[in-house]
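The values are calculated or read from the model by the stated rules, or taken from the named source; none is laboratory data. It should be emphasised that the depicted structure is a prediction, and the values quoted were computed from it without experimental measurement. Don't worry about glycine lacking a Cβ; one is built from the backbone with ideal geometry, like all the others, and counts go over all protein chains shown.
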Amino acid sequence: MSNEKHRILAFAVRARWLGFAVFEGSARLIDWGMIFYQRKGATALKSTRHRTASIISRLIPTHIVLFHEPFGRSDLARVRSITREIRRTANAFGIPTTRYFRDKIRSSFSRRNTRTKHEIATAIASLFPELAWRLPPERKLWKKEDCRMALFDAVAAALAFYDAQFTHTPPVLPSGRPLGDVQTDDPPVTPEGPTRGT
């Protein structure tokens with residue numbers, strides 16, 4: 001079956017926020033955004049469950065990809081709780097879920113000469129110019145990760161899923177160049193972009 005007939009919703013979950021991206025086929029990004037929530041408390045978890053359930057019920061994907069990368073033991077429990085709630089909602093709708101970890105995404109993108117998180121995010125911004133204004137600067141070792149990286153992780157997870165399940169070939173830029181040809185020295189960041197997905 002052609003991948004254009006599949007609507008994939010990917011979540012990249014963090015302890016205090018998550019990014020999401022929705023694709024119809026590996027070349028058509030139809031929605032994206034971020035959800036911020038309080039770090040602790042049953043009320044915060046309930047609110048997050050309602051907001052993610054609203055996205056799922058509105059978009060009705062054929063598959064959900066869950067990517068998470070906790071940065072500490074305290075984050076891990078929170079991230080697991082949120083991903084568990086997303087899976088419960090998906091099960092209620094009869095939507096299959098797949099979990100992706102960092103090594104899976106790196107493996108998918110390594111064939112395109114993009115290995116670091118920033119290289120992958122920069123390549124994604126070149127593939128989808130509507131996301132370029134969201135691309136954060138490359139993180140310094142002593143700084144915390146920019147929350148916007150969760151959005152690019154969600155897109156990367158969706159593309160890796162399509163690559164593994166359907167295409168087995170790297171996405172191609174509008175110019176016809178393969179993704180691995182993207183230059184990462186000067187990220188193509190624009191000063192403003194669409195207001196959707198906020």
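A few comments on the model shown:
- Count of region 60-86 residues, restricted to those that are closer than 21 Å to Q165 by Cβ and either touching a helix residue (DSSP H, G or I) at 6+ places or on another chain (Cβ under 7 Å) or surrounded by 17 or more Cβ atoms within 10 Å (Cβ to Cβ) (or both), is 9.
- Any chance S126 is polar (S, T, N, Q) and either within 14 Å of the chain's Cα centre (by Cα) or modelled with pLDDT under 85 (or both): no
- Odd one out for A44 among (1) of a type outside the set (V, I, T); (2) touching a Phe, Trp or Tyr at 6+ places or on another chain (Cβ under 6 Å); (3) surrounded by 18 or more Cβ atoms within 10 Å (Cβ to Cβ); (4) in a helix (DSSP H, G or I): (3)
- Pair list, Cβ under 7 Å, 6 or more apart: region 5-24 residue in a strand (DSSP E or B), other residue acidic (D, E) and surrounded by 24 or more Cβ atoms within 10 Å (Cβ to Cβ): A12/D153; G19/D153
- Single residue of region 94-106 satisfying the filter (part of a helix (DSSP H, G or I) and in contact (Cβ under 8 Å) with a residue 40 or more places away in the chain) that is farthest from A150 (Cα to Cα): K104
- Residue list for region 34-72, filter: modelled with pLDDT of 85 or more and at positive phi: I60
- Residue list for region 107-118, restricted to those being assigned to a helix (DSSP H, G or I) and farther than 21 Å from R28 by Cα: S107, S110, K117, H118
- Qualifying residue in region 135-155 (condition: over 15 Å from the mean Cα position of the chain (by Cα) and either crowded, with 18+ Cβ neighbours inside 10 Å or at pLDDT 95 or above (or both)): no
- Top-ranked residue of region 96-132 - restricted to ones that are surrounded by fewer than 20 Cβ atoms within 10 Å (Cβ to Cβ), of a type in the set (V, I, T) and in contact with a helix residue (DSSP H, G or I) (Cβ under 7 Å, 6 or more places away or on another chain), ranked as nearest to S57 (Cα to Cα): T97
- When A53 is tested against (1) touching an Asp or Glu at 6+ places or on another chain (Cβ under 9 Å); (2) crowded, with 18+ Cβ neighbours inside 10 Å; (3) in a helix (DSSP H, G or I), only condition (2) is not met.
- Taken as a whole, region 78-87 holds no residue that is assigned to a strand (DSSP E or B), in contact with a Leu (Cβ under 6 Å, 6 or more places away or on another chain) and either farther than 13 Å from R16 by Cα or not aliphatic (A, V, I, L, M) (or both).
- Any hit, region 170-188, residues being modelled with pLDDT under 50, hydroxyl-bearing (S, T, Y) and out of contact with any helix residue (DSSP H, G or I) (no Cβ under 7 Å at 6 or more places or on another chain): yes
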